[in-house]
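Worksheet for the structure shown next.
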Amino acid sequence: MTQPSICYLNGDYLPLEEAKVPVLDRGFIFGDGIYEMIPAFSGHAFRLKEHLHRLINSLDAVHIKHPYSISEWTDLINTIIQKNGTGHQAIYLQITRGVAHRDHAFPDQSKPTIFIMSNPLPETQKAKPVSATVLEDPRWNNCDIKAISLLPNVLLRHQAREKGAYEAILIRDGFLTEGAASNVFIVSDGKVKTPPKGPKLLPGITRDVVVELLHKNNIPCEEAEVTETELRNADEIWLTSSTKEILPVTQLDGEPVGSGKEGLIWKRTVVLYQTFKDEFTGTEAA
Ligand code: PDD
């Protein structure tokens, strides 16, 4: 029997189907809000401190007052995880500027809308080789904010899907930024490279774990600009995200990436990542 999904909305825990937000919520009207996506394995939120740190940075960047302290956020997230069973979960948090008469300017008074839900995190989505297409990055210069206004990302992903590809890999002024919903790594001549953090990309939590693990295990890794030519000539390309972990891209615009199969360094890194997760949850590899 499947359990109903329990969410949190403005102080209440309730079944997802019963959660309602007024149409004048600025999240609905303007996309005026921010979000987080936190994976939880066997009841434990993964890299919670880091996700909450990014959440606070996003709130500050859009001038929404912190509705809760770090320990209150932690309690709320742990409660949602407990209420939704022991399976792996993707915890989605959304904070908007709240309900107000429609006006672009910030309202004098509004209470942020706070919503948290849990979705199952199926293992089967992970580690499957995928295809990607290279597209121009048309987004703004604040891609480090995890904003809910994701129309460019949605359109880019749609464009990729129309071309038969799984993900759009984005190029701005000749340099790699990230994927429509992922960070990107390349491997060339045994060296791993990923673009440096900054306003052009989301500082991915998975990205940071991967960089950390590569350094710890003496696999050469550089956070440096990647040109489109380097991307197209790479031996391996990986996508990282909290829900997909580390995906190998084996086809780029219809051409094989390297051998056209999962790369050796990807294979090593995935083992390191799984081991790291297992140590974190204290459970066997899934
Ligand atoms: N997105 N870049 C973008 C634009 C993203 O949307 C995401 C993840 C990432 C990877 O970040 P992290 O490793 O912290 O998940 C990079 C989430 C999963 C989403 O929107 O569903």
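Being of a type in the set (G, A, S) and touching a helix residue (DSSP H, G or I) at 6+ places or on another chain (Cβ under 7 Å) narrows it down to one residue among G85, G27, G33, G11; which is it? If you could, list the steps in order and put the result at the bottom.
Values: G85 fails: touching a helix residue (DSSP H, G or I) at 6+ places or on another chain (Cβ under 7 Å); G27 fails: touching a helix residue (DSSP H, G or I) at 6+ places or on another chain (Cβ under 7 Å); G11 fails: touching a helix residue (DSSP H, G or I) at 6+ places or on another chain (Cβ under 7 Å).
So the residue among G85, G27, G33, G11 that is of a type in the set (G, A, S) and touching a helix residue (DSSP H, G or I) at 6+ places or on another chain (Cβ under 7 Å) is G33.
Restricting to region 78-121, give me the number of residues that are open to solvent by 90 Å² or more (accessible area, probe 1.4 Å) and aromatic (F, W, Y). So that I can check it myself, show each step before the final result.
Kept after step one, since they are open to solvent by 90 Å² or more (accessible area, probe 1.4 Å), are these residues of region 78-121: 82, 86, 101-102, 104, 106, 108-109, 111, 120.
Pick out the ones that are also aromatic (F, W, Y) and you get 106.
So the answer is 1.
A quick yes/no check of all residues on (1) open to solvent by less than 80 Å² (accessible area, probe 1.4 Å); (2) farther than 13 Å from I116 by Cβ; (3) in contact (Cβ under 8 Å) with a residue 60 or more places away in the chain:
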position	(1), (2), (3)
Y35	yes, no, yes
I38	yes, no, yes
H44	no, yes, yes
L55	yes, no, yes
S69	yes, yes, no
E72	no, no, no
L76	yes, no, yes
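Can you pull out the residues in region 161-214 that are away from the ligand (no atom under 13 Å from the Cβ), among the aliphatic types (A, V, I, L, M) and out of contact with any Pro (no Cβ under 7 Å at 6 or more places or on another chain)?
The answer is A165, I171, I186, V187, L213, L214.
The values are calculated or read from the model by the stated rules, or taken from the named source; none is laboratory data. Worth saying up front: this structure is predicted, and the values here are computed from it rather than measured. Using ideal geometry, Cβ is built from the backbone for each residue, glycine included, and neighbour counts are taken over all protein chains shown. Just so you know, the surface numbers come from the protein's heavy atoms only, side chains and all, with ligands and any DNA or RNA stripped out. Shrake-Rupley method; radii C 1.70, N 1.55, O 1.52, S 1.80 Å.
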